[in-house]
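The values are calculated or read from the model by the stated rules, or taken from the named source; none is laboratory data. All values reported here derive from a predicted model rather than from experimental measurement. Positions of Cβ are backbone-derived with ideal geometry, glycine not excepted, and every protein chain shown enters the neighbour counts. Note: areas computed on protein heavy atoms with side chains; ligands, DNA, RNA excluded. Shrake-Rupley method; radii C 1.70, N 1.55, O 1.52, S 1.80 Å.
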Amino acid sequence: MISNMTMALSTLALYLTPTTIITLLLCLLVTRFIQWKNHLANMKSQTPFPGIPVVPDAHWLLGHYPLFVNPDKHHQTFTAHATPSGISALWGPSTDKFFSSVRADHCRSILRQSSSRNFVSFIVRHGRRTLGEESIILINGGKRWKSQRKVIQKAFHLEVVKGGREAVGEVADVVVDWILRACSGRSDSGVHDGDCGGRLVGADGNEKVCVEAEDFFKLFALEVFGKVAMGYDFRCFPSLATSDDNGNSNSNVALHNKKDVVSNGTHTYNDNACNCLQMPPDAQSFDFLNVDIGNRSTPTSLMNPCMQFYSIPTPHNKKYHHHMDRIKGLVGKIIGLQLNRLCSDGGVMEGDTNMITHLLQSTIEENFSPTDTDGNTGCPFSSSLPSKSIPDTVISNLTPTDKDQIIESVSKMLITFLMAGYETTAISMSFVVYFLSKYKRCQERCAEEARRVLGRFGVHGTDIDDDELVYCRAVFMETIRLHLPVMFTTRVTEKEMSFDTGLEEGHNVTIPKGTRCVVCPTVVHMDERNFERAEEFLPERWVRWERGRWVERDYETEGLKSTALPSITEDEQDSPPISAKYDEENNSASSISAADPHNFFSFSDGARNCVGKRLAIMESTILIAVLLRDVCVDFAEEGFEMKKVRRFVTCGPESLPVVFWRRE
């Protein structure tokens, strides 16, 4: 018997060669993979929430995630298969379940009920690599998030933002000054007929300059951020530079030929656009890092080890480390200098202050000041300003290690602010000029208001009260209602929630605690249940003309009843309105009912709303006014149709060439 067993084992060993074993294991793995794939595919064909219809055609592994990141598919995804009340169910990567609604009151309840969210793992990984482990936008929630939010909230206090008006006005003046000098071909603009394809003379005889809108407004966003947040001049426009004794510009801005520029893969450049403006080195580093996060998160890059592992010494990774080191060095140096100044002044904020100053003081108060008897340092969502001084005992007790930690913490916050606000500001302003080029009556109304509030051409805009620029602000609000740079936002429910399905009276569906919810603001804003004539661009839904000026509309007072606005008469203005030729369109716009601000989610809602909301509205409003007071804008191409493309979690125009010229 033993001999028979020995023979059997010998025979088996003869056939079980290493090749055979590997083949058997591979077959087993393939079988298990097919079973797992079929299981996921079968599961994702069914709804994850009983009573809620599921969006069809989910990918077996990624679910509906490819639809989340495709702006062209949003309306179909979130509305076509929803219940009468706008509710639908979706699948995320692996076994993640998502709940969605396009009804404003549902979205408001979700956003206000929860401050927690849970990102897809690769988004967190690449985001944290560049923004830092403690980046507030990547923290799911809890005490860490509340602590950071408390620090940041004070740096964006209304008084701090208002303190940046002068800097924003100064940059807006520089932008307009460059446009006017570029149109006239002056050499100090950096634009020359021989070097730039962007300068042209239109059929109307006006000298014009053509630019790619988003690239142009990126320069504006960087300049504003540098001045308001850091007290730093990025010198993005030649007019910000000084000249040497020979009249040569000392600007960091370099002239370049478009053929020499390596595209980052996110734009289609227009051959007629001005190619004379190029970001200076510091600004290029910020832009590279901002684009890099999105590039590493594309479906193609997810399968490329060289894009997933930063330690592989590829040319791209070397460039990444170079730009990352440059930005860390720049930001750390600026913060270090201001921290030393704060300490040398005994913790008292004196003279000019910027966002860094307030972040430093808030960080020290939060992490190094004594807590109260209950161990609390105050409300995490308090919008109060930091105190004007820090106790001497706190300042004197800061060790070099403490200072290094403060600098590192504030550096990460500052880089996060820039990454979050720099591209979104540029995209938003690109959408603004898109709508103003498309709807000339709105452009003329902005110009009317700007000249009435700011004065006529040539008056500098450094002392601007943006609260008086009501129509310009309405244009910005209406723009981001229809075309928001951020594609969607998510939350994780912190308690069980119930929603009306609209299928029959009293029929509700309950979603459990821990459910992931996705809100797509643009789709919500284009739903007629939330805004009247929802797909039309009508700034008048936010403002009305009263006694010679624009004023904000009050939804609560006006209710849902459409009321015609008083027409603009010659007696109510110093001169006849330029926009009188658009009377028919203006009358149609004036009949729109007031917008309900509670249905507006461009800055999200609840505790996790956009902390930079005030700054974004202020800087955009001022730029619109200063820009349109002095120049006109239009599409560079007749019959232009805009196409939007996705970049990481934002979407912007693939290309938007526009022309500027002097307004008479």
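For the set HIS525, HIS81, HIS157, solvent exposure ranked by accessible area (probe 1.4 Å, protein chains only) runs largest to smallest as HIS81, HIS157, HIS525. Taking 24 Å as the limit for the C-alpha separation, the pairs LYS218/LYS328; LYS162/LYS333; LYS146/LYS613; LYS162/LYS581; LYS208/LYS438 exceed it in the case of LYS162/LYS333; LYS162/LYS581. As a fraction of the 1.4 Å probe accessible area of segment 116-159, surface on carbon and sulfur atoms comes out at 49 percent.
Take 498-505, 618-625, 298-305, 410-417 and order them by the average number of nearby Cβ atoms within 10 Å per residue, most first; the result is 618-625, 410-417, 498-505, 298-305. Sequentially through segment 23-33, phi angles give Karplus couplings (6.51, -1.76, 1.60; θ = phi - 60°) of 4, 5, 5, 4, 4, 5, 5, 5, 4, 5, 5 Hz, Gly and Pro residues having no value and appearing as x. The value obtained for segment 580-664, namely the Cα convex hull volume divided by the number of residues, is 171 Å³ per residue. In segment 578-621, the convex hull through the Cα atoms has an average projected area of 4.7 nm², a quarter of its surface area. The mean accessible area for residues of segment 575-664, using a 1.4 Å probe and ignoring ligands and nucleic acids, is 38 Å² per residue.
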